[in-house]
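Working notes, beginning with the structure itself.
Since every read-out is calculated from the coordinates, none of them should be taken as a lab result. Quick caveat, the model's predicted, so the values are computed rather than measured. Cβ: placed from backbone, ideal geometry, glycine included. Neighbour counts: every protein chain shown.
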């Protein structure tokens, strides 16, 4: 009887580990990598080597989306194929920014030092800010991103308009229903209520796209 709880924990961890590995194999961006998964009482550690910071971030998102995961320690390393200096990293970043259809004339400033990228400047919305982060993280050689980008607040849309638009988008996309409470102060949107991880992520992404947020 004393050993049963430990055995149950081991069984749950083994099952969760297999589920995580299957999710990683199914992900088109991660399937080609050898990512090692360890689970102890629901807490998950992932290790391996990937080509870009975006892939490292994606691995964490995939694991966090799985029910039963109690926390993620991301020990994945971002590698480069041979020596890549800061000048090449900068050029890669510019290509990613210029090639992203979501970004036009952002005016974001980029500094690179030993693979660590610092972003500064101002964009119109949180959605545009996230798009910059996504684009930069896809560049080969980027190991870390420090985001100092400011989001310009729209003077044409007040908080009531923002709340109404968020609720409208949620209704259209079937997010939350009456379970999520939406509020806004000076363009900063707060969401309260209960939601699964996947629905929570959808809600955050949808709200971030609203003009004025």
TODO: When you have a sec, figure out the Kirkwood radius of the stretch 43-107 from all distinct Cα pair distances and drop it here in Å to one decimal?
DONE: 14.1 Å
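Once you have the Kirkwood Rh of the stretch 111-213 from its Cα pairs, apply Stokes-Einstein at 20 °C and 1.002 mPa s and quote D in µm²/s. The partial results should precede the final answer.
On the way: Rh = 15.0 Å.
D, rounded to a whole number, is 143 µm²/s.
Counting DSSP beta bridges in the chain, what percent are antiparallel, to the nearest 5?
50 percent
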Task: Global form of the stretch 4-78, assessed from the alpha-carbon gyration tensor, a/c cut-off 1.5 - done: prolate
- [ ] Once you have all Cα-Cα distances for the chain, histogram them in 10 Å bins from zero and send the whole-percent values.
- [x] 8, 26, 29, 26, 9, 2, 0
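Estimate the FRET efficiency between residue 47 and residue 12 by the formula 1/(1 + (r/R0)^6), using the beta-carbon distance for r and 25 Å for R0, to the nearest 0.05. Intermediate values should be presented prior to the final figure.
On the way: r = 21 Å, r/R0 = 0.84.
About 0.75, to the nearest 0.05.
What 222 nm value per residue comes from the helices of the chain, counting each DSSP H run with n ≥ 4 as -39,500 (n - 2.57) and dividing by all residues, nearest 500 deg cm²/dmol? Walk me through the numbers on the way to the answer.
Working: 6 runs with 88 residues, N = 213.
It comes out at -13500 deg cm²/dmol, rounded to the nearest 500.
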TODO: Largest first and in whole Å, give the semi-axes of the stretch 159-208's equivalent ellipsoid, each being the square root of 5 times a Cα gyration tensor eigenvalue.
DONE: 17, 11, 9
- [ ] Quick one: compute the contact order of the stretch 159-208, relative version, from alpha carbon pairs under 8 angstrom and 6+ residues apart, as a percent.
- [x] 37 percent
TODO: Could you give the spread of the C-alpha atoms of the stretch 86-151 along their three principal axes, from largest to smallest, in whole angstroms?
DONE: 29, 22, 15
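Among DSSP beta bridges lying fully in the stretch 98-213, give the percent that are antiparallel, nearest 5. All intermediate terms of the calculation are to be shown ahead of the outcome.
On the way: 11 of 19 bridges.
Percent antiparallel among DSSP bridges in the stretch 98-213 is about 60.
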Open item on the list: Can you order the peptides 133-141, 68-76, 101-109, 115-123 by their average number of other Cβ atoms within 10 Å per residue, highest first?
Closed with: 133-141, 115-123, 68-76, 101-109
